[in-house]
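See below for the structure under consideration.
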Amino acid sequence: QVQLVESGGGLVQSGGSLRLSCAVSGTIFSIWTMGWYRQAPGKQRELVADITNGGGTNYADSVKGRFTISRDNAKNTVYLQMSSLKPEDTAVYYCYSRWAALNYWGPGTQVTVAS
């Protein structure tokens with residue numbers, strides 16, 4: 001059973017930083033494309049960033065230059081370092097994994113940025 005568990009969310013002031021972590025179990029982590037989506041109240045879930053099994057990264061325009069995605073295959077963990085946070089970054093952040101036609105999601109972690 002593949003499981004994804006996020007951690008690191010919380011309340012932060014505008015301009016602050018947070019690091020989200022997503023620990024993966026039940027699979028060979030290194031083969032998966034990993035990523036982060038977010039969903040704000042009343043809005044659709046949107047891609048924030050992803051990272052392929054080869055280390056290639058992709059970011060939403062709204063977070064480029066502020067967020068960094070990385071992975072540690074030895075720890076079966078993907079990270080999202082978020083800096084210069086803005087109130088509009090407030091959302092539930094979801095970790096996901098994708099390989100071929102398979103994908104899995106974590107339960108989400110709340111990030112709230114106070115102005």
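The values are calculated or read from the model by the stated rules, or taken from the named source; none is laboratory data. Small disclaimer: the values here were computed from a predicted structure and weren't measured. Because the Cβ atoms are built from the backbone with ideal geometry, glycine has one as well, and the counts that use them run over all protein chains shown. What goes into the accessible areas is simple: the full protein's heavy atoms, side chains included, and nothing from ligands, DNA or RNA. Shrake-Rupley method; radii C 1.70, N 1.55, O 1.52, S 1.80 Å.
Scan the stretch 40-67 residue by residue and report those that are open to solvent by less than 60 Å² (accessible area, probe 1.4 Å) and assigned to a strand (DSSP E or B). Correct list: L47, V48, A49, D50, I51, Y59, F67.
Hey, any hits in the stretch 8-26 for a residue that's touching a helix residue (DSSP H, G or I) at 6+ places or on another chain (Cβ under 7 Å) and either among the basic types (K, R) or under 18 Å from Q110 (Cα atoms) (or both)? Within the stretch 8-26 (the criterion being touching a helix residue (DSSP H, G or I) at 6+ places or on another chain (Cβ under 7 Å) and either among the basic types (K, R) or under 18 Å from Q110 (Cα atoms) (or both)), the answer is yes, since at least one residue qualifies.
When restricted to residues that are polar (S, T, N, Q) and not in a strand (DSSP E or B), the stretch 1-30 contains 5.
Against the definition (of a type in the set (G, A, S), in contact (Cβ under 8 Å) with a residue 24 or more places away in the chain and in contact with an Asp or Glu (Cβ under 6 Å, 6 or more places away or on another chain)), how does G35 come out, yes or no? Outline the logic, then answer.
On the way: of a type in the set (G, A, S): yes; in contact (Cβ under 8 Å) with a residue 24 or more places away in the chain: yes; in contact with an Asp or Glu (Cβ under 6 Å, 6 or more places away or on another chain): yes.
Criteria met by G35.
Among the residues making up the stretch 15-51, those that are modelled with pLDDT under 95 and among the aliphatic types (A, V, I, L, M) are I28, I31.
Just name the residue that is least open to solvent (accessible area, probe 1.4 Å) out of those in the stretch 68-115 that are outside any strand (DSSP E or B) and of a type in the set (K, R). So that I can check it myself, show each step before the final result.
Restricting attention to the stretch 68-115, the residues satisfying the condition of being outside any strand (DSSP E or B) are 73-76, 83-90, 100-101, 106-108, 115.
Narrowing the set further to residues that are of a type in the set (K, R) leaves 75, 86.
On the way: K75: 134, K86: 79 Å².
Applying the filter and picking the extreme gives K86.
Entry remark, the stretch 34-46: residues being in contact with a Phe, Trp or Tyr (Cβ under 7 Å, 6 or more places away or on another chain) and within 13 Å of R98 (Cα to Cα) number 3 in total.
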